[in-house]
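The structure appears right after this line, and notes come after that.
The values are calculated or read from the model by the stated rules, or taken from the named source; none is laboratory data. Quantities reported herein were computed from a predicted structural model and do not represent experimental measurements. Cβ sites come from the backbone with ideal geometry, for glycine too, and all protein chains shown count toward neighbours. Side chains included, ligands, DNA and RNA excluded: accessible areas come from the protein's heavy atoms. Shrake-Rupley method; radii C 1.70, N 1.55, O 1.52, S 1.80 Å.
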Amino acid sequence: MDLGLKNKRALVTGSTKGIGKAIAIELAREGANVIINGRQPDDVAKVVNEIQEMFRNTKPEGAPADLADSSAREELFRGYPEVDILVNNMGIFQPMSYWDISDETWDKFFKVNVMSGNALSKFYLPHMLEQDFGRIIFIASEEALMPSGEMPQYSMTKTMNLSLAKSLSKLTKGTQVTVNTIMPGSTLTEGVQEMLENMYHDSSIAPEDWEADFMKNHRPLSQIQRLIRPEEIGRFTAFVSSPFASSFSGAALRVDGGLVPTIF
Ligand code: NAD
């Protein structure tokens, strides 16, 4: 199926690894010209080259910047004043006890996980409305609906993503622009692989059984009982980015393997 994304310009924040990289790859597979972002210029250049090798008919570009920083965002806006698709993927997470979270940590999570995506949306949305096509997608988490209590400072920001996307979607009434949120469940990124290693390296469980043990004991509500692969989130995000997904608006879309136990 051709998703109709050829030559669309897509900015995916935090796309040097993990879910963001998988989203950028799937968008490029569909012919989109992706802008790769991360904080390290070398990492950004590496992913741009990788995508260029994989999809020679596209024009990937790199925008190394710490997007939590407003002056870095201003520079990005000067280099890329218009995009058709904005994926607010970049986000930080860290398991922490509520009692150990300082005011500075709450501020940092708010700034990185909410305000950066908000500032980018505020800048790119007007052009999308003007051209009567655009997609803004926030990558939240199942923690948005079901805070585990393992990282309250993170869960709060992910719930805020849902509210923000809903408010932004109200600005798109009657247009071909949509704003939505995708909520992945636990996904096998490099960071989650590292977490498994930290959890199990001293145990008697063989590495090939770590994932199954983690799902059984730490994610018992998951119906699929496996970690989601980043490319699964990538493919779904490419679909939501496409003109075929024109009737999703202000939606909170679960890609969590059935982890959230609701009837809706
Ligand atoms: P990751 O840590 O593997 O990758 C994060 C990316 O963001 C990297 O490219 C990093 O360089 C970039 N980044 C971080 N801070 C940045 C900044 N200030 N400026 C620019 N780039 C920055 O993360 P991931 O696991 O792929 O998660 C991506 C998104 O998906 C996050 O929003 C996360 O909350 C969400 N999510 C992840 C999981 C999971 O299990 N991995 C589950 C649910 C939701």
Picked from the stretch 19-39 (must be near the ligand (Cβ under 6 Å from one of its atoms) and buried (at least 23 other Cβ atoms within 10 Å of the Cβ)), the residue farthest from TYR124 (Cα to Cα) is ILE19
Flag for MET115 being modelled with pLDDT under 95, within 14 Å of the ligand (Cβ to nearest atom) and over 21 Å from GLY258 (Cα atoms): no
Quick check on my filter: what residues within the stretch 211-245 are of a type in the set (Gly, Ala, Ser) and more than 20 Å from LEU11 (Cβ to Cβ)? ALA212, SER222
Which one of the conditions (1) among the acidic types (Asp, Glu); (2) under 21 Å from ALA22 (Cβ atoms); (3) more than 18 Å from the chain's Cα centre (by Cα) does GLU190 fail to meet, given that it meets all the rest? (3)
The correct count of residues that are within 20 Å of MET183 (Cβ to Cβ) and either touching a strand residue (DSSP E or B) at 6+ places or on another chain (Cβ under 6 Å) or surrounded by 15 or more Cβ atoms within 10 Å (Cβ to Cβ) (or both) in the stretch 93-109 is 2
All positions within the stretch 165-211 that are surrounded by fewer than 21 Cβ atoms within 10 Å (Cβ to Cβ) and under 23 Å from GLY250 (Cβ atoms): LYS166, SER167, SER169, LYS170, LEU171, THR172, LYS173, GLY174, THR175, GLN176
Can you find, within the stretch 107-160, the residue that is farthest from the chain's Cα centre (by Cα) among those that are under 16 Å from PRO184 (Cα atoms) and free of Cβ contacts under 8 Å to residues at least 24 places away in the same chain? SER148
Under the condition of being open to solvent by less than 60 Å² (accessible area, probe 1.4 Å) and not β-branched (Val, Ile, Thr), which residue from the stretch 213-231 is farthest from ILE139 (Cα to Cα)? ASP213
What's the number of the only condition in (1) free of Cβ contacts under 8 Å to residues at least 24 places away in the same chain; (2) over 22 Å from GLY191 (Cα atoms); (3) of a type outside the set (S, T, N, Q); (4) surrounded by 14 or more Cβ atoms within 10 Å (Cβ to Cβ) that GLU53 fails to meet? (4)
If LEU164 satisfies all but one of (1) outside the structural domain of ASN217 (by TED's automatic domain parsing); (2) free of Cβ contacts under 8 Å to residues at least 60 places away in the same chain; (3) more than 24 Å from LEU76 (Cβ to Cβ), what's the number of the condition it fails? (3)
For the stretch 1-120, which fully contained helices (runs of 4 or more DSSP H) count at least 1 residues that are small (Gly, Ala, Ser) and under 29 Å from LEU227 (Cα atoms)? 18-29, 41-54
Could you figure out which of (1) farther than 27 Å from ALA65 by Cα; (2) among the small types (Gly, Ala, Ser); (3) more than 14 Å from the ligand (Cβ to nearest atom) isn't true of SER169? (1)
From the option list VAL192, VAL177, single residue qualifying as within 13 Å of the ligand (Cβ to nearest atom) and of a type in the set (A, V, I, L, M) is VAL192
From the set of residues in the stretch 121-164 that are among the hydrophobic types (A, V, I, L, M, F, W, C) and surrounded by 23 or more Cβ atoms within 10 Å (Cβ to Cβ), which is nearest to the ligand (Cβ to nearest atom)? ILE139
